[in-house]
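A short write-up of the structure that comes next.
Derivation of every value follows stated rules applied to the coordinates shown; laboratory data play no part. It should be emphasised that the depicted structure is a prediction, and the values quoted were computed from it without experimental measurement. Cβ coordinates were reconstructed from backbone atoms using ideal geometry, including for glycine residues, and neighbour counts include every protein chain displayed.
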Protein chains: 2
Amino acid sequence: MTRSVQQYLYLLVLLGNSVGTCGLLFNVTDNGQGFVVSINNIQLLEHTKSSPLLFVGLGLTLFPEDSGNFFIEDYTSARIPLADYNITCDQTSCVLRLSAGETWVSLLLKSERSQPLVLSIQDSSHDFDRTWLRVKAATNEEIYGGGEQFSYFNLRHREENKENVFPIWVREQGVGRNKSTMTTFMADIQSRAGGDYHTTYFPQPSFISSRHFYVHYDGFNYAELDFSHEDFHEIYVLGEISRFYFNTGDNLQELVSDLTSFLGKLPELPDWIMRGAVLGVQGGTQVMLDRYNYAKSFGIPVASLWIQDWSGKVEMPFGKRVNWDWTWDPSWYPGLDSAVRNLTLDGVKVMVYINPYLREGGHLYTEAASKGYLVKNSTGGVYLQRSVTLVFASVDLTNPSAFSWYKNVIKTNMIDFGFGGWMADFGEYLPVDAKLFDGRTGLEAHNEWPVLWARLNRETVEESGKLGDVVFFMRAGFSGVSNFTTLMWNGDQNVDFSLADGVRSTMYGSLSMAMSGVGLSHFDIGGYTTVSQLGLVRSAELLLRSAEMAVFTPIFRTHEGNQPEANVQWYSNTTTAAFARLARQFALLKDYRKSVVAQVSRVGIPAMRPVCLEYEGTPATATQYLFGPDLLVTPVYTENVKDILVSLPLTKGYTWIHIWSGTAYQGGQTVNVAAPLGEPAVFYRSDSAYSSSFEKLRAESSEVNSIIG
Amino acid sequence: MTRSVQQYLYLLVLLGNSVGTCGLLFNVTDNGQGFVVSINNIQLLEHTKSSPLLFVGLGLTLFPEDSGNFFIEDYTSARIPLADYNITCDQTSCVLRLSAGETWVSLLLKSERSQPLVLSIQDSSHDFDRTWLRVKAATNEEIYGGGEQFSYFNLRHREENKENVFPIWVREQGVGRNKSTMTTFMADIQSRAGGDYHTTYFPQPSFISSRHFYVHYDGFNYAELDFSHEDFHEIYVLGEISRFYFNTGDNLQELVSDLTSFLGKLPELPDWIMRGAVLGVQGGTQVMLDRYNYAKSFGIPVASLWIQDWSGKVEMPFGKRVNWDWTWDPSWYPGLDSAVRNLTLDGVKVMVYINPYLREGGHLYTEAASKGYLVKNSTGGVYLQRSVTLVFASVDLTNPSAFSWYKNVIKTNMIDFGFGGWMADFGEYLPVDAKLFDGRTGLEAHNEWPVLWARLNRETVEESGKLGDVVFFMRAGFSGVSNFTTLMWNGDQNVDFSLADGVRSTMYGSLSMAMSGVGLSHFDIGGYTTVSQLGLVRSAELLLRSAEMAVFTPIFRTHEGNQPEANVQWYSNTTTAAFARLARQFALLKDYRKSVVAQVSRVGIPAMRPVCLEYEGTPATATQYLFGPDLLVTPVYTENVKDILVSLPLTKGYTWIHIWSGTAYQGGQTVNVAAPLGEPAVFYRSDSAYSSSFEKLRAESSEVNSIIG
């Protein structure tokens, strides 16, 4: 038996049941032994007796947590292939009934107009607690996305020690993230905080295939994306599935853009933050102003001073921590109100810091606790958690009163104070046994938490009439965060050149986010995580290599790191002049940057783009990227390097101009170019409308090396 | 419906079908919703809809190998609970038909006379490649055995970071075996050789429960014993199961003894090897004799000189290796033939070394290859493997001609030469894709290999008429090795006090072997694995602490380790006198030792016994043990310790005499006793027939501390 169900829903309104040649949305071919679902001749799903589309099962999954690190233990006792099937189609949809004995699932396959194909669960025998869906795979197929992935760009990478399974669980990304490194080993044995190749603040159950389709799972369940198999990809969902989206596209860019059409597009960044450096400083009003004046004296264009410690510091075992009690601390920042006013007049915004947690015993904690606004534990008390030594509770973002109250904290204490934005940190720690106001458990809401946190910030900004002016930036994320956040950053990198967690991992993070539909991200220049006891401290070279890449990104922001005194800073004697030059380069690109960032909001095309997104067929790596359509960037993330190999994509009708020398190169070749400090390998398209801006950078580039010796 | 099938097979011959009160063998109680199988009212198996007895499944399991380390990757795509059941019983057996749709398994439950209950597979739908059997579990139940386990004695230990799953796969045990230690970390990143809590040369799919039953899986399949669940234990078998044995007993000792009744009992050790030290020396005839004379000059009673390098040494990258070409090397050991004769006259045996592998290019390799006696790879060529830098092939032990030929090598080159025994090393490396003479793959024969290797050695000894005289000792094992081997040793410990792989891990190894029915084991005094680059070298304290424990074991054998020059040795200036005193203590215990060892062969009760084996209710640990019925030993495996806490089992009618002070203690208390170097915490039963022997040790114990300072 061969049965073909062709659906032309786009024409359906006009043509009724007839078959046309345009608007074909999906196709189900059933040969009696199994079926194939395809869109535009791209086979997406396949069902055979031996490799069924769907498996359901039972088991026990635990999520022990410590300081945002989760140690997931997953035991599956039953895993039933739903081998029997029955397909019923009408003009608009198909129902796939998949079963094994008394266990069954009814899936609805439906597509409307130009929307993605939606596979959703209609009903089931409800006798299972976990589900696996297989997506057809091909030899040599590559997979991109998965949210923010720091270790791999192609998630189906086939290296010797296979790491092709990506758990989808919001959490701390870890220290080192590579079980073969001493840093991770030490972090693991000291505090189980080392992380692994897949740990990330922002996972997302979405991926794009080099075969020109995407898959998005629309649900907050714990999930795993398994790309380790030859013939199929497998998506594991803890619980029943809600719905999957599938679509094909003519090219990867179309797919990325399409993802953003339902996952959300970020708003445009305001001009002010793209004009100059955001300098991460701390230590009180006077230090802040001293740093500012020092920066000005070197000609650093300053967009903002970002003070994470505006709410004060508290003594903790093992050192001071920012006081998680989100109110101006006038003893720590005396006269901050007038300083903010004066800086604003000087064209400089002050940015601050908040997260969704409240320090136990703080004023806001006490108020929230008395109002019942904090997440509860299983016995109804406040759920106390810890971030290393700091004990805190989470505001219950599912409680509308708490949500409003916290919005008001931000509005009153931060926006009305005159701050230009903030880091909206954290969001990953919700434990699975938490009891939430809306009746859900932490397990159900865990992955949604960053999205709620983003929504809270966004609504506050919008209700204050400040959208397009105030900027908040987040590290935690999940599907839909792009509907709310104004900017992402890559979280806490180690202050080194290591794979997996050094400064270069921001490229992996940003490019995988780009393939997940999130097109605006940036990073702490020079990294964050410092462990001076292990010799993990920031060098001048690292700071400047990182800053020289930041020139070619949306935002140029520094962070002193968690041990400021152990790190080289932009205000260290040896680096300020070179840093100032890079900051000026950043400012010189503002017009081009604005056009690039506008595309994120308008079309959904990311600012930092994997090369393959513009030039398909080019090897998909995260060693180089395009900043917008015109700039090809190969950062230097190896110590003591003076030159670097660059693969120039094949072009037609234009050449690649090396930005620092002006030399033109034909595309389609690999070239070795000089890349001394201050001059990462950057090329622009000879036909770029911004050629004259790019040429201006050359003047700022000279002699950076001589400055730092 | 309630149905009870009671079987009194013991009486069946006499009584036919009638029901009696003695000889009850097993009982199946079926309530229509499920059933329970019990023996003597101990519930062993339970089947309910939600927790069925059996699961079957499909998947893909890979066993990549490197130098005997295996990196098992196991993917299960289907795992079907066989929830439906049907029971048919006759007078002698029951057939359990378990099914889910078209997938079914027929199990035969049968017990004959006083034999264990056997659960075997009769037939099945054959549409699966893996099986899981659940055994009923109880809260606080403890589990012992699993072959030789180095990290845990109670395999159901419930520590925070759960490690309750024990893969059953013969392999290298690894270096460090603890992912939290620097040693393991370095071994892993340098050569993936670090091992883990479960890696062992000698796993065995057998365990004994504190609820007084045992389970033994009689098959060579890859398996896993999973003790991480509250209500059940789960035994995973790759492939279809062959058969399980179950039995209950009045106490643990009865269970251990019963296990040996079908797994095999070791033969009695000859007197000569229990009379004095087996000194591991190497470097040629003259060095051997010099060491011997030096030992004699200190009054060390020498049973044997063990020369692992009798076949010569070959230069390899990274150092010399023993020449795996099992023939006397007269250039390396000139005059060895006459030296062996002279030493024999002096009452000293020379022992040597062999393994089942042949160095590529050696004489035996060339002969074996020409005869087709070597294990083949998938394309029919010789399967070359490596042990770090040494390239070798395995003799195909499934080829009867190769088996005979290799026996003849041992007979001619070793027994006829006059050697008193040998280390029969290795046996763990058979790769799964090997093609064997008997038609099996390496996967099918992998776990059996050590048993074949043991059988080859045993048959050679027996056919030479030397059983009870020649001793060979093995590290690799699997179910049935105890039918053939004459002695086990614990393999390669690190030369340190670390958990999991330091010298103390030999206690875990020996006591878990004891609970698996293998009652004769010993260890390299002072450990073996030395990594001087990492500071992992043997101290005098370690050597002597290890030697002082060996006094209270069957065999007292030294090994110089893999970097002899980096380690303190018994012949080092600072240690010989103290070592000699310990060797004399060992010799003083020969009568008691002989009685203890005899029990292993006659009753199946191990020489080194977990305390709980004699005194049930005593906490089951591997920090102390009984050597035979009369000696309670608490070795000191912490540096710089002068005293130690000892739990004295509760006794009736006798007290515990501290062997070094003569002080009597009532049982049932914890006491702190002095334990300086040379005096581990050892107590004997006041009613022991060997009291006078024990008292003689006291004279030898004094002043050990002052000797080494």
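If you take the Cα centroid of the range B:139-197 and the Cα centroid of the range B:213-250, the two points sit 19 Å apart. Each listed q (0.18, 0.22, 0.29, 0.32 Å⁻¹) maps to a log10 I(q)/I(0) for the range B:106-153 from the Debye sum over equal C-alpha point scatterers, namely -0.94, -1.02, -1.09, -1.16. In whole angstrom, the range B:562-666 maps to an equivalent ellipsoid with semi-axes of 28, 19, 15, each derived as √(5λ) from the alpha carbon gyration tensor and ordered largest first. Across the identical copies, the label point of A:ASP591 (7 Å from Cα in the Cβ direction) is separated from its matches by 10.7 nm, in order from shortest. Charge dipole (Cα centre; +1 on Lys/Arg Cβ, -1 on Asp/Glu Cβ; no other charges) of the range B:199-253 amounts to roughly 220 debye. Copy-to-copy label distances for A:GLY361, where each label lies 7 Å from Cα along Cα-to-Cβ, are 7.1 nm in order of increasing length. Extents of the range B:536-596, taken as max minus min of Cα coordinates on every principal axis and listed largest first, are 38, 21, 14 Å. For the range A:684-696, putting each phi into the Karplus relation 6.51 cos²θ - 1.76 cosθ + 1.60 with θ = phi - 60° gives couplings of 10, 5, 5, 9, 5, 5, 9, 3, 5, 4, 4, 5, 5 Hz, in residue order, rounded to whole numbers and with x for Gly and Pro.
Once you reduce the range A:94-109 and the range B:115-129 to the center of their Cα atoms, the two points are 32 Å from each other. Compactness of the range B:573-614 is given as radius of gyration and Dmax, 14.3, 43 Å, from Cα positions.
Along its three principal directions, the equivalent ellipsoid of the range A:479-544 from the Cα gyration tensor extends over semi-axes of 26, 11, 10 Å, largest first. At 25 °C and a viscosity of 0.890 mPa s, what translational diffusion coefficient does Stokes-Einstein give for the range B:484-601, taking Rh as the Kirkwood radius over Cα pairs? Give it in µm²/s as a whole number. Reported coefficient: 168 µm²/s.
How much length would be gained if the chain were fully extended between B:ASP591 and B:ALA369, taking 0.36 nm per residue of separation minus their Cα-Cα distance, in nm to one decimal? Numbers along the way, then the final one.
Details: separation 222, 0.36 × 222 = 79.92 nm, distance 4.79 nm.
Separation in residues times 0.36 nm, less the Cα-Cα distance, equals 75.1 nm.
Taking other C-beta atoms within 10 angstrom as a stand-in for reagent exposure, B:PHE683, B:PHE627 fall in the order B:PHE627, B:PHE683, fewest first.
With all projection directions averaged, the alpha carbon convex hull of the range B:316-427 covers 7.8 nm².
Each residue of chain B gets 162 Å³ once the volume of the Cα convex hull is shared out per residue. Using a/c under 1.5 as the rounded threshold, could you call the range B:82-180 rounded, prolate or oblate? The axes a ≥ b ≥ c are square roots of the C-alpha gyration tensor eigenvalues, and prolate needs a/b larger than b/c, oblate otherwise. It is prolate, given that a/c is not under 1.5 and a/b is the larger ratio.
Taking every Cα-Cα distance in the protein assembly as shown and sorting them into 10 Å bins starting at zero, the pair-distance distribution P(r) comes out as 1, 8, 14, 17, 17, 16, 13, 9, 4, 1, 0 percent.
Magnitude of the charge dipole for the protein assembly as shown, about its Cα centre and with charges confined to Cβ atoms of Lys, Arg (+1) and Asp, Glu (-1), is about 980 debye. The radius of gyration of the Cα set in the range A:270-347, together with its Dmax, comes out at 13.5, 42 angstrom. Using the charge dipole of the protein assembly as shown (Lys, Arg: +1 at Cβ; Asp, Glu: -1 at Cβ; taken about the Cα centre), state which of A:LEU345, B:GLN493, B:CYS612 has its Cα farthest towards the positive end. The residue sitting most towards the positive pole is A:LEU345.
Which whole-Hz couplings ³J(HN,Hα) result when phi for each residue of the range A:587-595 is put into the Karplus expression 6.51 cos²θ - 1.76 cosθ + 1.60, θ = phi - 60°, listed in order with x for Gly and Pro? My calculation for the range A:587-595 gives 5, 5, 8, 5, 5, 4, 4, 4, 5 Hz in order. With its label point put 7 Å out from Cα toward Cβ, B:SER297 sits 7.8 nm from the same residue's point in the other copies, in order from shortest.
Once the convex hull of all Cα atoms in the range B:628-698 is built, its volume per residue stands at 80 Å³.
A P(r) calculated from all alpha carbon pairs of the range B:131-200, with 10 Å bins opening at zero, reads 19, 44, 28, 9, 0 percent. Cβ crowding within 10 Å ranks A:ILE42, B:ILE354 as A:ILE42, B:ILE354, fewest other Cβ atoms first.
In this structure, the residue pairs whose Cα-Cα separation is over 20 Å, taken from A:LYS296/A:LYS466; B:LYS265/B:LYS466; A:LYS265/A:LYS466; A:LYS376/A:LYS411; A:LYS265/A:LYS696, are A:LYS296/A:LYS466; A:LYS376/A:LYS411; A:LYS265/A:LYS696. Give the average, rounded to an integer, of partner chain Cβ atoms located within 10 angstrom of each Cβ in A:73-79. The per-residue average across the peptide is 6.
Each residue of the range A:269-275 was assigned a 3J(HN,Hα) from its phi angle through the Karplus curve 6.51 cos²θ - 1.76 cosθ + 1.60 (θ = phi - 60°); the sequence is 6, x, 4, 4, 7, 9, 8 Hz, with glycine and proline shown as x.
If you take the square roots of the eigenvalues of the alpha-carbon gyration tensor of the range A:515-562 and sort them as a ≥ b ≥ c, do you get rounded (a/c under 1.5), prolate (a/b over b/c) or oblate? Prolate is the answer for the range A:515-562, as a/c is 1.5 or above and a/b outweighs b/c. To the nearest 10 degrees, how steep is helix A:182-191 against the longest Cα principal axis of chain A, on a 0 to 90 scale? So the helix axis and the longest Cα principal axis differ by about 80 degrees.
Computed about the Cα centre, the dipole magnitude for chain B is approximately 1160 debye when only Lys and Arg (+1) and Asp and Glu (-1) carry charge, each at its Cβ. Ordered by the number of other Cβ atoms lying within 10 Å of each residue's own Cβ, fewest first, A:TRP272, A:TRP326 fall into the sequence A:TRP272, A:TRP326. For the pair the range A:587-638 / the range A:482-515, the C-alpha centres are spaced 15 Å from each other.
Dipole of the range A:271-328 computed with +1 at Lys/Arg Cβ and -1 at Asp/Glu Cβ about the Cα centre; of A:MET316, A:ALA295, A:TRP328, farthest Cα towards the positive end is A:ALA295. With only the Cα atoms considered, the range B:209-258 has a convex hull volume of 86 Å³ per residue. Ranking B:MET474, B:GLY372, B:ALA402 by how far each Cα lies toward the positive end of the dipole of the range B:369-520 (charges on Cβ) leaves B:GLY372 at the top. Here is how the number arises for chain B: DSSP H runs of 4 or more residues each give -39500 (n - 2.57), the sum is divided by the residue count, and the result at 222 nm is -6500 deg cm²/dmol.
Computed from label points 7 Å out along Cα-Cβ, the spacing between B:SER464 and B:GLU695 is 4.3 nm.
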